[in-house]
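The values are calculated or read from the model by the stated rules, or taken from the named source; none is laboratory data. What you are looking at is a predicted structure, and each value in this text was computed from that prediction instead of being measured. All Cβ positions, even for glycine, are placed from backbone atoms using ideal geometry, and neighbour counts span all protein chains on display.
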Amino acid sequence: MTALGRPGSTLSAGLAALVLALVLLSLMIGPAGLSPEAALRALITGEGPAGVIVQEIRLPRTLLAALIGATLGLSGAALQGLLRNPLAEPALFGAPQAAAAAASAVIAFGLFGVTSIAVPLAGIAGALISIGGLVAIAGRRASLTVVLLAGLALASFAGAATALVLNLAPNPYIALEIAFWLLGSLQDRSLDHVLLAAPFVFVSWIILGLHAPAFRALTLGEDAAASLGVDIVRTRIAVVVGVALGVGAAVSVAGSIGFVGLVAPHLVRRLVGSDPARVMAPAALAGAALLLAADIAVRLVPGAVEIKVGVVTALIGVPFFLAMIFSERRMLEGAPT
């Protein structure tokens, strides 16, 4: 057992060190560059202009990048374990789309500004409504096929709702602001956003972590897992709710950031093996590292307007996704008939 756990533990330790290094780098990088010593001093004391820059501007976006990246990575690993499908990712059940639709509606009709705390609250409510609708439509004993179809329907409906909101927005400038927000960004976020999203994120982590052993049993098939004492229906509902809470909170404070939940689990799976329970912690750390690195990258690109971090993750994720599809197709074509 010790030998089996060592690769995952070693990888997790290395990824944790990488995340800490990226956190420090994120506090240093920006229009006003800081040395490591100056960044740490400003973080601890909060004195002078550097203290304001680090504590009020860079620290919130750094914490959000780590929290959101970890949530997306963990959610992707959990869904892939639940569905036994390497192409599964958090948008599968429509929670991100519903969160974006609800938050967009709040912004579009002038109820609150794009950086208001009410926007995350609306996004979380949208995700919870989406997942409640999914459970109600699919039913407690629905097959995974029915759950997936219900999620696809809800995701399509939420996407159409977002488009409708953009069309009906009374102010074209607000509609443009929403369109940019939907691209995914950690800019102009405060510690209030961190404190609002963090409870939902932590509950999501706990729910998904508690069901990690069930994913290992599910690799043998649902019938075998049930014979080992796994409650398939309860596991399915708990994982979907956990993903909805975490991803809904993430999308509501940062907009749509895609493909982290797909890429992170696959990067670590090559190193720790195919055991879905062993993949989860490294996937969370890899997701945090990926989003921190992407957020640092957008600050290094020169330009009058900062590139949205969701654009960077999509540029990385889409080729990765296509490569996975071609790999799966080659495996199927090479399989004996």
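What single numbered condition from (1) part of a helix (DSSP H, G or I); (2) of a type outside the set (Gly, Ala, Ser); (3) over 15 Å from the mean Cα position of the chain (by Cα); (4) modelled with pLDDT under 90 fails to hold for residue 268?
With (1) part of a helix (DSSP H, G or I); (2) of a type outside the set (Gly, Ala, Ser); (3) over 15 Å from the mean Cα position of the chain (by Cα); (4) modelled with pLDDT under 90 applied to residue 268, the lone miss is (4).
Considering only residues that are buried (at least 24 other Cβ atoms within 10 Å of the Cβ) and part of a loop (DSSP other than H, G, I, E, B), look in the range 249-258 and name the one that is modelled with the lowest pLDDT.
Just the residues of the range 249-258 that are buried (at least 24 other Cβ atoms within 10 Å of the Cβ), to begin with: 249-255, 257.
Applying the additional criterion that residues be part of a loop (DSSP other than H, G, I, E, B) yields 255, 257.
Numbers: 255: 87, 257: 90.
Looking at the filtered set, the residue picked out is 255.
Check off (1) among the hydrophobic types (A, V, I, L, M, F, W, C); (2) modelled with pLDDT under 85; (3) surrounded by fewer than 17 Cβ atoms within 10 Å (Cβ to Cβ) for residue 134 and give me the number that stays unchecked.
(3)
Hey, among 186, 208, which residue is assigned to a loop (DSSP other than H, G, I, E, B), at pLDDT 90 or above and in contact with a Ser or Thr (Cβ under 9 Å, 6 or more places away or on another chain)?
Details: 208 fails: assigned to a loop (DSSP other than H, G, I, E, B).
Step by step, each of 186, 208 is checked, and only 186 is assigned to a loop (DSSP other than H, G, I, E, B), at pLDDT 90 or above and in contact with a Ser or Thr (Cβ under 9 Å, 6 or more places away or on another chain).
Considering each of 62, 10 in turn, give the residue that is under 29 Å from residue 263 (Cβ atoms) and free of Cβ contacts under 8 Å to residues at least 60 places away in the same chain. Spell out how you get there, then give the answer.
Details: 62 fails: free of Cβ contacts under 8 Å to residues at least 60 places away in the same chain.
Result of the check over 62, 10: 10.
Within 16 Å of residue 99 (Cα to Cα), surrounded by 14 or more Cβ atoms within 10 Å (Cβ to Cβ) and polar (S, T, N, Q): which single residue out of 162, 219 fits that description?
That would be 162, the only listed residue that is within 16 Å of residue 99 (Cα to Cα), surrounded by 14 or more Cβ atoms within 10 Å (Cβ to Cβ) and polar (S, T, N, Q).
Where residues in the range 211-232 are of a type in the set (Gly, Ala, Ser) and part of a helix (DSSP H, G or I), which of them is farthest from residue 66 (Cα to Cα)?
227
Would you say residue 163 is assigned to a helix (DSSP H, G or I), among the small types (Gly, Ala, Ser), modelled with pLDDT under 85 and under 30 Å from residue 305 (Cα atoms)?
Criteria not met by residue 163.
List the pairs whose first member sits in the range 307-331 and is within 29 Å of residue 179 (Cβ to Cβ), whose second member is among the acidic types (Asp, Glu), and whose Cβ atoms are under 8 Å apart, counting only residues at least 6 apart or on separate chains?
Between residues of the range 307-331 that are within 29 Å of residue 179 (Cβ to Cβ) and residues that are among the acidic types (Asp, Glu), the close pairs are 309/295.
Check the range 197-212 and report whether any residue there is surrounded by fewer than 14 Cβ atoms within 10 Å (Cβ to Cβ) and more than 22 Å from residue 103 (Cα to Cα).
yes
If we only count helices (runs of 4 or more DSSP H) wholly inside the range 1-118, which ones have 3 or more residues that are of a type in the set (Val, Ile, Thr)?
In the range 1-118, the matching helices (runs of 4 or more DSSP H) lie at 2-28, 59-83.
Which numbered condition in (1) touching a Leu at 6+ places or on another chain (Cβ under 7 Å); (2) surrounded by 24 or more Cβ atoms within 10 Å (Cβ to Cβ); (3) small (Gly, Ala, Ser) is the only one that residue 288 fails?
With respect to (1) touching a Leu at 6+ places or on another chain (Cβ under 7 Å); (2) surrounded by 24 or more Cβ atoms within 10 Å (Cβ to Cβ); (3) small (Gly, Ala, Ser), residue 288 is out only on (1).
Would you be able to say whether some residue in the range 297-313 is touching a helix residue (DSSP H, G or I) at 6+ places or on another chain (Cβ under 8 Å), under 19 Å from residue 83 (Cβ atoms) and crowded, with 20+ Cβ neighbours inside 10 Å?
No, the range 297-313 contains no residue that is touching a helix residue (DSSP H, G or I) at 6+ places or on another chain (Cβ under 8 Å), under 19 Å from residue 83 (Cβ atoms) and crowded, with 20+ Cβ neighbours inside 10 Å.
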